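Enquirer: Let me begin by handing over the structure; questions about it come next.
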Amino acid sequence: MIDLRLLREDPDRVRASQRARGEDVALVDSLLSADERRRSSGVRFDELRAEQRSLGKLIPKASADEKAELLKRAEQLKADVKAADAERNAADTETQELLLRLGNLVHPDVPVGGEEDFVTLETHGEIRDFTAEGFEPKDHLELGTILGAIDTERGAKVSGSRFYFLTGVGALLELALVNAAIAQATAAGFTPMLTPALVRPQSMAGTGFLGQAAQDVYHLDKDDLYLVGTSEVALAAYHMDEIIDADRLPLRYAGFSPCFRREAGSHGKDTRGIFRVHQFDKVEMFSYVAPEDSQAEHQRLLDWEKQWLTSLELPFRVIDVASADLGSSASRKFDCEAWIPTQGKYRELTSTSDCTEYQSRRLQIRVRDGKQVRPLATLNGTLCAVPRTIVAILENHQQADGSVRVPEVLRPYLGGREVLEPVAK
């Protein structure tokens, strides 16, 4: 959530942010009104309580005639205090509910617009000319079948659409990717973490995933637990309700977990293969930093993602995501999109978001700097979303006979294997 004081001092900035997101601008005025009622009812309650305490001191000393009048006033005050307390609590509840619906403030450098209004910041690597090489590229599912690596038919039989098996070298390739990604993150100073895939509602809400993203979340009604769509949720809630000493920052974690997404609204999109699925594994970077350091940390997370994709020898571009395409918790977001030859376009492989103080305020995570205690900043960055990375590797490193060249960074994790060979039929 954002700082209420900032909302009071500069409501136009918040309105502009909501407008850029394509969200409800009227929410700002509703929140301002609720906050005013909260504060005024709080003042009213404090005044009545003070009068009640003063009256309590006068009654024992009053004469018989005065005491009757004072007791009558005390009875009225008791009712007034109760009513003021109820009004204060109702206004506070409304304020908090409205505040939780408000997205993070959009960074001023974010391009304004929808999904297609991003700005390309940089492009890396060379796109292969398969025509010049003399063959038509196969898509990842055909390659996965040739290699005995991907089985979507049995995935659908067992679990339904958008599920899959990774088999043989496909399973080994996932393990290689995860190990290589964790190795890079550990070398960069991240603490590796295996995180829970089930979290409580306050953890999910605290990271901002029960707002605009709620329709994409799996909920277990009987247990009132949520399946995470990213280990960001568990990593953000890891320090929930804690105060962290400033000399411990930055704290950097690399979480590995299964991820679950309904893919609501994606009907008909990416139905072939494993690019868009309901369950996948992912290595996620997560940072806790002082608020003034968040933009520099954001660039560092992006640099680590670029290092990773470069090590996989993939052609990719970096985009500055437009305002209406940001998640509610992100102030700014950079995506790294890899070239997918058979689609003839770049597709998102990794992303990194600066969430400023938005999540820490919701989760009550603060930093102690001397005598000052204040919210800190949180950031997240995907290092390796496994299925999409496999898609990019298979398609970009394929050879004419259906084999796939293994990037050098992965070879130590595949027993030195340089090529994934087709399986015998």
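The values are calculated or read from the model by the stated rules, or taken from the named source; none is laboratory data. Computed from a predicted structure; not experimentally measured. FYI the Cβ positions are ideal-geometry reconstructions off the backbone, even for glycines, and counts take in every protein chain you see.
Enquirer: Which residue, of Lys82, Lys78, is under 24 Å from Ala34 (Cβ atoms) and exposed (fewer than 14 other Cβ atoms within 10 Å of the Cβ)?
Expert: Values: Lys78 fails: under 24 Å from Ala34 (Cβ atoms).
One residue alone meets the criteria, Lys82.
Enquirer: Can you tell me which condition Glu87 does not meet? The list is (1) in contact with an Asp or Glu (Cβ under 8 Å, 6 or more places away or on another chain); (2) touching a residue at least 40 places away in the same chain (Cβ under 8 Å); (3) over 23 Å from Glu408 (Cβ atoms), and all the others hold.
Expert: (1)
Enquirer: Which numbered condition trips up Thr120, out of (1) over 30 Å from the mean Cα position of the chain (by Cα); (2) not in a loop (DSSP other than H, G, I, E, B)?
Expert: It fails just one condition, (1).
Enquirer: Would the stretch 327-341 turn up any residue that is more than 19 Å from the chain's Cα centre (by Cα), of a type in the set (A, V, I, L, M, F, W, C) and either outside any strand (DSSP E or B) or within 16 Å of Thr120 (Cβ to Cβ) (or both)? Break it down into steps so the answer makes sense when it comes.
Expert: As a first pass, look at the stretch 327-341 and keep what is more than 19 Å from the chain's Cα centre (by Cα): 338-341.
Now drop any that are not of a type in the set (A, V, I, L, M, F, W, C), which leaves 338-340.
This time we only want the ones that are either outside any strand (DSSP E or B) or within 16 Å of Thr120 (Cβ to Cβ) (or both), so: 338-339.
Yes, the stretch 327-341 has at least one match.
Enquirer: Here is a further query. I'd like the full set of residues that are touching a helix residue (DSSP H, G or I) at 6+ places or on another chain (Cβ under 6 Å), surrounded by 24 or more Cβ atoms within 10 Å (Cβ to Cβ) and either over 25 Å from Leu7 (Cα atoms) or not β-branched (Val, Ile, Thr) (or both), limited to the stretch 364-385.
Expert: Within the stretch 364-385, Leu376, Ala377, Leu379, Asn380, Gly381, Leu383, Cys384 qualify.
Enquirer: Select from the stretch 304-316 the residues that are of a type outside the set (S, T, N, Q) and more than 21 Å from the chain's Cα centre (by Cα) and write down the one among them that is surrounded by the fewest Cβ atoms within 10 Å (Cβ to Cβ). Working first, answer last.
Expert: Of the residues in the stretch 304-316, the ones of a type outside the set (S, T, N, Q) are 304-306, 308-309, 312-316.
Imposing the further condition that a residue be more than 21 Å from the chain's Cα centre (by Cα) reduces the set to 312-316.
Values: Leu312: 23, Glu313: 17, Leu314: 22, Pro315: 20, Phe316: 25.
The selected residue is Glu313.
Enquirer: In the stretch 350-374, which residue that is of a type in the set (A, V, I, L, M, F, W, C) and part of a strand (DSSP E or B) is nearest to the chain's Cα centre (by Cα)? Even if it seems obvious, please write down each step before you answer.
Expert: As a first pass, look at the stretch 350-374 and keep what is of a type in the set (A, V, I, L, M, F, W, C): 355, 363, 365, 367, 373.
Filter once more, keeping what is part of a strand (DSSP E or B): 367, 373.
On the way: Val367: 21, Val373: 24 Å.
The selected residue is Val367.
Enquirer: Only residues that are over 25 Å from Val423 (Cβ atoms) and without any contact (Cβ under 8 Å) to a residue 60 or more places away in the chain: list them for the stretch 161-183, please.
Expert: Within the stretch 161-183, Ala183 is the sole residue that qualifies.
Enquirer: Considering only the stretch 240-261, state which residues are under 18 Å from the mean Cα position of the chain (by Cα) and closer than 23 Å to Leu102 by Cβ. Please lay out each step first, then the result.
Expert: Residues of the stretch 240-261 that are under 18 Å from the mean Cα position of the chain (by Cα), as a first pass: 240, 251-261.
Answer for the stretch 240-261, where residues must be under 18 Å from the mean Cα position of the chain (by Cα) and closer than 23 Å to Leu102 by Cβ: just Met240.
Enquirer: When you check Asp270 against the structure, is it surrounded by fewer than 21 Cβ atoms within 10 Å (Cβ to Cβ), in the same structural domain as Glu348 (by TED's automatic domain parsing) and more than 29 Å from Glu357 (Cβ to Cβ), yes or no?
Expert: Working: surrounded by fewer than 21 Cβ atoms within 10 Å (Cβ to Cβ): yes; in the same structural domain as Glu348 (by TED's automatic domain parsing): yes; more than 29 Å from Glu357 (Cβ to Cβ): yes.
Against the criterion (surrounded by fewer than 21 Cβ atoms within 10 Å (Cβ to Cβ), in the same structural domain as Glu348 (by TED's automatic domain parsing) and more than 29 Å from Glu357 (Cβ to Cβ)), Asp270 qualifies.
Enquirer: Just wondering, is there one or more residues in the stretch 307-319 that are over 23 Å from Ala181 (Cβ atoms), in the same structural domain as Pro375 (by TED's automatic domain parsing), in contact (Cβ under 8 Å) with a residue 12 or more places away in the chain and not basic (Lys, Arg)? Walk me through how you get there before you give the answer.
Expert: Quick first cut of the stretch 307-319, residues over 23 Å from Ala181 (Cβ atoms) only: none.
Checked the stretch 307-319: no residue is over 23 Å from Ala181 (Cβ atoms), in the same structural domain as Pro375 (by TED's automatic domain parsing), in contact (Cβ under 8 Å) with a residue 12 or more places away in the chain and not basic (Lys, Arg).
Enquirer: Please work out which one of (1) in the same structural domain as Lys306 (by TED's automatic domain parsing); (2) at pLDDT 95 or above; (3) under 31 Å from the mean Cα position of the chain (by Cα); (4) assigned to a loop (DSSP other than H, G, I, E, B) is the condition Leu141 fails and give its number.
Expert: (4)
Enquirer: Further, regarding this structure: Being over 28 Å from Gln307 (Cα atoms), out of contact with any Ser or Thr (no Cβ under 8 Å at 6 or more places or on another chain), surrounded by fewer than 18 Cβ atoms within 10 Å (Cβ to Cβ) and not assigned by TED's automatic domain parsing to the domain that holds Asp354: is that true of Ala132 here? So that I can check it myself, show each step before the final result.
Expert: Working: over 28 Å from Gln307 (Cα atoms): yes; out of contact with any Ser or Thr (no Cβ under 8 Å at 6 or more places or on another chain): yes; surrounded by fewer than 18 Cβ atoms within 10 Å (Cβ to Cβ): yes; not assigned by TED's automatic domain parsing to the domain that holds Asp354: no.
Considered against the rule, which asks whether it is over 28 Å from Gln307 (Cα atoms), out of contact with any Ser or Thr (no Cβ under 8 Å at 6 or more places or on another chain), surrounded by fewer than 18 Cβ atoms within 10 Å (Cβ to Cβ) and not assigned by TED's automatic domain parsing to the domain that holds Asp354, Ala132 comes out as no.
Enquirer: Can you list the strands (runs of 3 or more DSSP E) found entirely within the stretch 184-247 that contain at least 2 residues being among the aliphatic types (A, V, I, L, M) and either touching a residue at least 60 places away in the same chain (Cβ under 8 Å) or out of contact with any Phe, Trp or Tyr (no Cβ under 6 Å at 6 or more places or on another chain) (or both)?
Expert: Of the strands (runs of 3 or more DSSP E) lying wholly inside the stretch 184-247, those with at least 2 residues that are among the aliphatic types (A, V, I, L, M) and either touching a residue at least 60 places away in the same chain (Cβ under 8 Å) or out of contact with any Phe, Trp or Tyr (no Cβ under 6 Å at 6 or more places or on another chain) (or both) span 191-194, 243-245.
Enquirer: Next question, about the same structure. Sort out which residues of the stretch 257-284 are within 19 Å of Ala338 (Cα to Cα) and assigned to a strand (DSSP E or B), and write them in order of number.
Expert: Residues satisfying the conditions are Phe280, Asp281, Lys282, Val283, Glu284.
Enquirer: Now, a different point. Is it true that some residue in the stretch 375-388 is free of Cβ contacts under 8 Å to residues at least 40 places away in the same chain, assigned to a strand (DSSP E or B) and more than 16 Å from the chain's Cα centre (by Cα)?
Expert: If we filter the stretch 375-388 for residues that are free of Cβ contacts under 8 Å to residues at least 40 places away in the same chain, which is where we start, we get none.
Scanning the stretch 375-388, I find no residue that is free of Cβ contacts under 8 Å to residues at least 40 places away in the same chain, assigned to a strand (DSSP E or B) and more than 16 Å from the chain's Cα centre (by Cα), so the answer is no.
Enquirer: For Thr152, work out the one condition from (1) in contact (Cβ under 8 Å) with a residue 60 or more places away in the chain; (2) within 14 Å of Gln398 (Cα to Cα); (3) of a type in the set (Ser, Thr, Tyr) it doesn't fulfil.
Expert: (2)
Enquirer: A follow-up question, please. Looking at the stretch 253-264, I want the residues that are closer than 12 Å to Tyr226 by Cα and have a partner that is among the polar types (S, T, N, Q) and surrounded by fewer than 21 Cβ atoms within 10 Å (Cβ to Cβ) with Cβ atoms under 6 Å, at least 6 apart or on another chain. Which pairs are those?
Expert: Listed pairs, sorted by first residue: Phe260/Gln279.
Enquirer: For the condition closer than 30 Å to Gly114 by Cα and without any contact (Cβ under 8 Å) to a residue 40 or more places away in the chain, what is the one hit in Glu418, Glu348, Glu337, Glu357?
Expert: Numbers: Glu418 fails: closer than 30 Å to Gly114 by Cα; Glu348 fails: without any contact (Cβ under 8 Å) to a residue 40 or more places away in the chain; Glu357 fails: without any contact (Cβ under 8 Å) to a residue 40 or more places away in the chain.
Step by step, each of Glu418, Glu348, Glu337, Glu357 is checked, and only Glu337 is closer than 30 Å to Gly114 by Cα and without any contact (Cβ under 8 Å) to a residue 40 or more places away in the chain.
Enquirer: Quickly run through the stretch 23-49 and pick out the residues that are surrounded by 16 or more Cβ atoms within 10 Å (Cβ to Cβ) and more than 25 Å from Ser360 (Cβ to Cβ).
Expert: Matches in the stretch 23-49: Arg37, Ser41, Arg44, Phe45, Leu48.
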